[in-house]
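Peer 1: Attaching a single structure in structure tokens format; questions to follow.
The values are calculated or read from the model by the stated rules, or taken from the named source; none is laboratory data. Predicted model, so just to flag it, every value in this text is computed and none were measured. Neighbour counts run over all protein chains shown; Cβ positions are idealised from the backbone, glycine included.
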């Protein structure tokens, strides 16, 4: 508990240190706040004096000429009001600009930069939604509430101090009552807001649970119909729905208690002032104006206190959001190596006793050793989950082996700058990712400097030139969000063209299993053949027919390399590969 | 909007009481300055301490009454809002559950989830704010004006004059702000989309060393967003200071005019003047709140319209009551055509085919060939646009959907599981199934992995904690548990390797002997083992027969065969 407090304190300090570059702006904002408070404090005094003079005038029956006499005071009062609102707006606008550009925008940029340096493993394990909620939700909260907290606390402190001083100067006895009531009001509101925070947390949790159930039910729409699960999902929904309704009620009701509590203490102050003030007026010690002024002050004194409950919960939210954002920014990054590869790459790859697991205690690949000569076509086959894709992750240095080494032209890649290793490979993956840009930009993704002629040549060689020119804007056709204007097979062809244009000495091909119609399939096969020419290629095969001509077939099952050889050699061996191959054609 | 209000009907009594309580509370608030001015007038100027005490007592009473009413009112109104939201969410959910597939597809899952959750939240927020604002603001404002009127009508009119000014200002700002917020929300969406893309494409981005550009894209979107946010925020922040200033100016004007009235001898006193200034202060808070309600109104209206659209969406009508029958498992399609709503080309065109009861039929073809559409028509998700479908000799268009679904046990492409345990998910196939039966089905579905996990293993939302292959096998086991004359597998073996598929195939042959099996697939190896194969291409049936017949007669089938086997061996 205490540790947590310390932790929260450290987070606040860190936030504070990061505010240093905008210190001058914050100081200016604080200065505006101060002036604003002075204006606000001057107003009740002026109004009190005016009312006093009116009352005196009425008592003495000397009202004539009073409007004219009071005009300067009234004008001053109006100026005070105007000044405080102008300053108030100036302060908000300034803070808004400072916080949004320094914190909201700044943190988002840092998160985006951080993304570039995070290991692929982190991204694989983390739902996209989580990163987005760091970047959008948490940073947004941080910016929004930071502003509130700063304003609330700075303005509140100034106002409390200034009003207290002014009140005491006006009348110490009356001021005492107001000030004495303050701790009581404070204590009550913090009590309520503590319960409030707890209830709101519960409400957010059950709201999330309800969204989960709703999402599940709607995305399984067809299954629900096919298995007549309507009642089942409705019961599930109703359970969460009811919980949310209860928690919503509790949260909003407790939140609604803050106002009456504050109102009660305000009224107590009001009544006490009236009582004591009336008695003092009767004794002739003070005038009506003083009572008026103190009552107005009491209201001003109460308003920052009313906000204090909110400010405290905002502060909690700021700390919680900052904690999550810093947690993200402090994540371990991809280790950096500085070794260099020679300019010329021949493309010999060697695995030496490579063992790797995504979790240290569960190896996915166990002591894998093999050698690929420059220009060879290496096929990797085996059952799903056997470790084929993991091999690619290691080759590309998306992950690092737990033990053993991967050599490229005899050099251990673990010592070499990741970018350089990756720069020797081109990839065509099952998951055909295209970025939101034009077709031309996508084909040139791995070689941004390529000329139009080069791009077209690459597309011709990989059989997608015709497909592209058939599109309404040809090479300048933009790829829509989620690339809905392209079929799976067309996307596959584009990624092949992309790999071709990147022109790297080594190649990784992860074949698509499905989602491609027959004719496109044939085109893809031809395009891949073109692409592989003269490069060391690693092909993850799902259909054995495509790898019959491989120079070497690696059979991987349950993390071990169990067979190795050409198609013919492996068939003659009548082992695992033989069974796998025949299972495709056997009659059931 | 009207539909939304209709759901408030059951609560009108409580709302009335809550309104009364809040009105009382507002009045009590307003009475304080009045009592105060009486106290000053009679007690102070009358030099009567008794009157002062009495005044203070009155104020205490009003405060307690006011606070009590406020708590009671908020108790009632939060209860109403919480239940109202729950009602709306339930209504949307249940409507979607009975919605027809055309509507479901045209609105989309994500949008419907938003309607059933976030939109309700937005509307409820408005309901809270409105119920507060509609009741307390007029009470406070017009109560204040009324009380002023009792003291001096000229001053009351002066106060009223400021009202249109404030509302004019608010509506003007509101008009300016909404597009700014839309722009800002749009830029947030764009940034999210960029990040989403970047995370999805991380391997390609890293492989081609484009991290710097990916970051630059996000960075420029972020800068645009921050500019949009600043201008939207700045515009919105204008409301509170300007409104406050206007009300302050009203107070100054009232004081100035008041002095003239005092001079004129209308019976107005100095303390009265102070009371009026207090009324203005009391109303200003509620006026600012009202301003924000007005500005947020369009948001809530959009949300309310979206919910209304979901609630009014057409539902599937049943042509006949449910029957407790088991039909014979034969299927016949007669010249069936179907086009998706909004689809340019028909998904299926003039399909006629017959699958005799107890046979194993494959439907093969590439993406977009119409295989899944065929399954959807069989399951009664959509009615065919033309032609007729018969199951066990009965026309589907005259059959209750529940009766139809009792005849079919499908494994759908999406491999959908629900949060809960493995046992719960399996029992959806047969609610009364014993554990042994579950194990038998799992065994047949090659789901041996459940042995390690146990039947009570938790399944997370949509089965996120299981791999694609595991989900597929659990769905197969669930389908096997359901006892039906026809079993339908829509691309259900795609995540299984060849060896597992072969084992599954022989287990199915044993378990489903005598049942009709329909296998929708892209794999020749699957089709080759079926009694009958139907080849779809571009929505048309281009071949029907056995594997060897089709190799001879069907060009498309040959092409698929060649591409998958390298054309090396035949049969």
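Peer 1: Look through A:518, A:536, A:513 and report the one residue that is within 29 Å of residue A:570 (Cβ to Cβ), modelled with pLDDT under 80 and crowded, with 21+ Cβ neighbours inside 10 Å.
Peer 2: On inspection, the qualifying residue turns out to be A:518.
Peer 1: Is it the case that residue B:110 is within 12 Å of another protein chain (Cβ to nearest Cβ) and surrounded by fewer than 18 Cβ atoms within 10 Å (Cβ to Cβ)?
Peer 2: yes
Peer 1: Here is a follow-up. Given (1) modelled with pLDDT of 90 or more; (2) in contact with a helix residue (DSSP H, G or I) (Cβ under 7 Å, 6 or more places away or on another chain), where does residue B:443 come up short, assuming only one miss?
Peer 2: Unmet condition: (2).
Peer 1: Let me ask something else about it. Out of (1) out of contact with any helix residue (DSSP H, G or I) (no Cβ under 8 Å at 6 or more places or on another chain); (2) more than 18 Å from residue B:413 (Cα to Cα), what's the single condition that is false for residue B:542?
Peer 2: In the conditions (1) out of contact with any helix residue (DSSP H, G or I) (no Cβ under 8 Å at 6 or more places or on another chain); (2) more than 18 Å from residue B:413 (Cα to Cα), residue B:542 misses (1) alone.
Peer 1: Tell me which of these residue A:268 doesn't satisfy, since it passes every other one: (1) surrounded by 21 or more Cβ atoms within 10 Å (Cβ to Cβ); (2) more than 7 Å from chain B (Cβ to nearest Cβ).
Peer 2: Going through (1) surrounded by 21 or more Cβ atoms within 10 Å (Cβ to Cβ); (2) more than 7 Å from chain B (Cβ to nearest Cβ) one by one, residue A:268 breaks only (1).
Peer 1: Then there's this: Looking at the stretch B:217-237, is at least one residue assigned by TED's automatic domain parsing to the domain that holds residue B:35, in contact with a helix residue (DSSP H, G or I) (Cβ under 8 Å, 6 or more places away or on another chain), touching a residue at least 12 places away in the same chain (Cβ under 8 Å) and within 30 Å of residue A:77 (Cβ to Cβ)?
Peer 2: Scanning the stretch B:217-237, I find at least one residue that is assigned by TED's automatic domain parsing to the domain that holds residue B:35, in contact with a helix residue (DSSP H, G or I) (Cβ under 8 Å, 6 or more places away or on another chain), touching a residue at least 12 places away in the same chain (Cβ under 8 Å) and within 30 Å of residue A:77 (Cβ to Cβ), so the answer is yes.
Peer 1: Name the one entry in A:48, A:61 that is closer than 17 Å to residue B:273 by Cα and touching a residue at least 60 places away in the same chain (Cβ under 8 Å).
Peer 2: Among A:48, A:61, only A:48 is closer than 17 Å to residue B:273 by Cα and touching a residue at least 60 places away in the same chain (Cβ under 8 Å).
Peer 1: On the given criteria, is residue A:426 modelled with pLDDT of 90 or more and at the interface with chain B (Cβ under 9 Å from one of its Cβ atoms)?
Peer 2: yes
Peer 1: Out of the residues in the stretch B:254-285 that are touching a helix residue (DSSP H, G or I) at 6+ places or on another chain (Cβ under 6 Å) and more than 19 Å from residue B:34 (Cα to Cα), which is modelled with the lowest pLDDT?
Peer 2: B:260
Peer 1: Please go through (1) within 23 Å of residue B:338 (Cβ to Cβ); (2) within 12 Å of chain A (Cβ to nearest Cβ); (3) crowded, with 23+ Cβ neighbours inside 10 Å for residue B:415 and return the number of the only condition it doesn't satisfy.
Peer 2: (1)
Peer 1: Just to be sure I understand, how many residues within the stretch A:215-243 are facing chain B (nearest Cβ under 7 Å) and in contact (Cβ under 8 Å) with a residue 24 or more places away in the chain?
Peer 2: Qualifying residue count, the stretch A:215-243: 2.
Peer 1: Which of the residues spanning the stretch A:213-231 are surrounded by fewer than 18 Cβ atoms within 10 Å (Cβ to Cβ) and in a helix (DSSP H, G or I)?
Peer 2: A:230, A:231
Peer 1: Ok, one more. Given the structure, is residue A:68 modelled with pLDDT of 90 or more and in the same structural domain as residue A:32 (by TED's automatic domain parsing)?
Peer 2: no
Peer 1: Can I ask one more? What single numbered condition from (1) touching a helix residue (DSSP H, G or I) at 6+ places or on another chain (Cβ under 8 Å); (2) facing chain B (nearest Cβ under 10 Å); (3) within 30 Å of residue B:38 (Cα to Cα) fails to hold for residue A:89?
Peer 2: Of (1) touching a helix residue (DSSP H, G or I) at 6+ places or on another chain (Cβ under 8 Å); (2) facing chain B (nearest Cβ under 10 Å); (3) within 30 Å of residue B:38 (Cα to Cα), only one is false for residue A:89: (3).
Peer 1: Sticking with this structure for a sec: Residues to consider are B:358, B:342; find the one that is in contact with a helix residue (DSSP H, G or I) (Cβ under 8 Å, 6 or more places away or on another chain), at positive phi and not assigned by TED's automatic domain parsing to the domain that holds residue B:96.
Peer 2: B:342
Peer 1: Another question about this same structure. Picking from B:276, B:259, which residue would you name as being more than 8 Å from chain A (Cβ to nearest Cβ) and surrounded by 22 or more Cβ atoms within 10 Å (Cβ to Cβ)?
Peer 2: Exactly one of B:276, B:259 is more than 8 Å from chain A (Cβ to nearest Cβ) and surrounded by 22 or more Cβ atoms within 10 Å (Cβ to Cβ), namely B:276.
Peer 1: Looking at (1) modelled with pLDDT of 90 or more; (2) in contact with a helix residue (DSSP H, G or I) (Cβ under 9 Å, 6 or more places away or on another chain), find the lone condition where residue B:419 falls short.
Peer 2: Every listed condition holds for residue B:419 apart from (1).
Okay, residues lined up against (1) closer than 20 Å to residue B:171 by Cα; (2) within 7 Å of chain A (Cβ to nearest Cβ):
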site: B:220; (1), (2): no, no
site: B:231; (1), (2): yes, no
site: B:235; (1), (2): yes, no
site: B:238; (1), (2): yes, yes
site: B:252; (1), (2): no, yes
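Peer 1: So, one more: Residues in the stretch A:58-70 that are within 8 Å of chain B (Cβ to nearest Cβ) and surrounded by 12 or more Cβ atoms within 10 Å (Cβ to Cβ): how many?
Peer 2: Result for the stretch A:58-70: 6.
Peer 1: If you check every pair at least six apart or on different chains, which have Cβ atoms under 8 Å apart with a residue in the stretch A:201-214 that is over 18 Å from residue A:236 (Cα atoms) first and a residue that is at pLDDT 85 or above second?
Peer 2: A:202/A:247; A:202/A:250; A:202/A:251
Peer 1: Further question on the same structure: Kindly state which helices (runs of 4 or more DSSP H) lie completely within the stretch B:447-566 and contain at least 3 residues that are buried (at least 17 other Cβ atoms within 10 Å of the Cβ), modelled with pLDDT of 90 or more and more than 11 Å from every other protein chain (Cβ to nearest Cβ).
Peer 2: By residue number, B:468-481.
Peer 1: Quick check on my filter: what residues within the stretch A:119-140 are more than 14 Å from the chain's Cα centre (by Cα) and at pLDDT below 85?
Peer 2: Once the filter is applied, which keeps residues that are more than 14 Å from the chain's Cα centre (by Cα) and at pLDDT below 85, the stretch A:119-140 yields A:124, A:125.
Peer 1: Continuing with the same structure: Within the stretch A:171-192, can one find any residue that is under 30 Å from residue B:88 (Cα atoms) and assigned by TED's automatic domain parsing to the domain that holds residue A:43?
Peer 2: Checked against the condition, which is being under 30 Å from residue B:88 (Cα atoms) and assigned by TED's automatic domain parsing to the domain that holds residue A:43, the stretch A:171-192 yields at least one hit.
Peer 1: If you don't mind, another one. If you take the residues of the stretch A:277-289 that are surrounded by fewer than 20 Cβ atoms within 10 Å (Cβ to Cβ) and assigned to a helix (DSSP H, G or I), which of them is farthest from the other protein chains (Cβ to nearest Cβ)?
Peer 2: Filtering the stretch A:277-289 for residues that are surrounded by fewer than 20 Cβ atoms within 10 Å (Cβ to Cβ) and assigned to a helix (DSSP H, G or I), the one farthest from the other protein chains (Cβ to nearest Cβ) comes out as A:280.
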